[in-house]
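Written out below as structure tokens is the structure these notes cover.
The values are calculated or read from the model by the stated rules, or taken from the named source; none is laboratory data. Treat the numbers as computed from the prediction; the structure is a model and nothing was measured. All Cβ positions, glycine included, derive from the backbone under ideal geometry; neighbour counts span all protein chains shown. Remember, those area values only see protein heavy atoms, side chains included, never the ligands or the DNA or RNA. Shrake-Rupley method; radii C 1.70, N 1.55, O 1.52, S 1.80 Å.
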Amino acid sequence: MAEHRNISQPADWLEQIRIPALYVVTDTLIGQGRSHAEIAAAAVAGGAGIIQLRDKQLASAALLREAVAVREAMAEYDALFVVNDSLDVALASGADGVHLGQSDGSVSAARAAAEAAITAVPDGSKRFIIGVSVGSVAEACRAVEEGADYVALGPVFSTNSKPDAGAARGLVLLQEIRDALPAVPLVAIGGIGPANVQDVFRAGADSAAVISAVVAEDDVTAAARGMRGLIEGVTQGR
């Protein structure tokens, strides 16, 4: 196995970026008729600390409308909001950040574009969050070196929520990324539910991203609250 150097981040970077423990990804296909905004509002009411708007079917204009609706629905809550894939929509909607896949362009280019856009607004001192999906230690290290604020390993377990997610990566790889990047926020995603959410935190994750375990439930708020309780049961005292 190739070795990867341990990467540490400056203290001021660590003070700015904290990825909340419960991370919910919206999905209207399994959301029982609820809109992205309705899912987001219900999830944060139950304790989700970060919401990702994800919709591969919408064109940019429609996605922007959804993003603005999600941001407005979350306005009364102290929670982060990121947009999947689209940097332009994330910036135009006033989202806190963007989540990029391996095929969504370079992190460094996204960082440069975000910084150029944000310096033009009054609260430009706020750091724009860039998260990156990774499938290996090498990808995780490269993402951080290019300027990613957090990395998300997935799928950790087998999942049906994302047909293109690929084979399960497992807890061992999650631990290896944690060891390689001890100071970088690490999100676990894919196949996570009540039965295994505590395992990803024991393996070193800072956050668990869930879709069906919350979004597909009859009561999204109650499902989020239940997941939050399970997480707190294993993270208290960290």
For Arg202, solvent-accessible area (1.4 Å; no DNA, RNA or ligand), Å²: 150
Whole-Hz ³J(HN,Hα) from phi, Karplus 6.51 cos²θ - 1.76 cosθ + 1.60, for the range 19-32, glycine and proline x: 8, x, 5, 9, 10, 10, 9, 6, 7, 6, 5, 10, x, 6
Area of Thr28 that stays accessible when all protein chains are in place (1.4 Å probe, Å², to 10): 50
Dipole moment magnitude, nearest 20 debye, the chain about Cα centre, only Lys, Arg, Asp, Glu C-beta charged: 240
Structure-derived Kirkwood radius over Cα pairs in Å: which label, when the choices are (i) 17.7; (ii) 22.4; (iii) 19.0: (i)
222 nm mean residue ellipticity, helices alone, for the chain (DSSP H n ≥ 4; -39,500 (n - 2.57); rounded to 500): -11500 deg cm²/dmol
Karplus-derived HN-Hα couplings along the range 68-75 (A = 6.51, B = -1.76, C = 1.60, θ = phi - 60°), whole Hz, x at Gly and Pro: 5, 5, 5, 4, 5, 5, 9, 4
Potential lengthening between Arg202 and Asp179 on full extension [0.36 nm per residue; Cα-Cα distance subtracted]: 7.0 nm
Most fluctuating residue given options Asp27, Asp179, Asp85, as computed from a GNM of the chain linking Cα atoms under 10 Å: Asp179
Heavy atoms of Phe81 accessible to a 1.4 Å probe, total area in Å² rounded to 10: 10
Percent carbon-and-sulfur accessible area, the chain, ignoring ligands, DNA and RNA, probe 1.4 Å: 49
Accessible area (Å², per residue) of the chain, counting only protein heavy atoms and a probe of 1.4 Å: 45
Calculated from backbone phi, Karplus (6.51, -1.76, 1.60) coupling profile of the range 53-66 in Hz, x at Gly/Pro: 7, 10, 8, 7, 8, 7, 6, 4, 5, 5, 5, 5, 4, 5
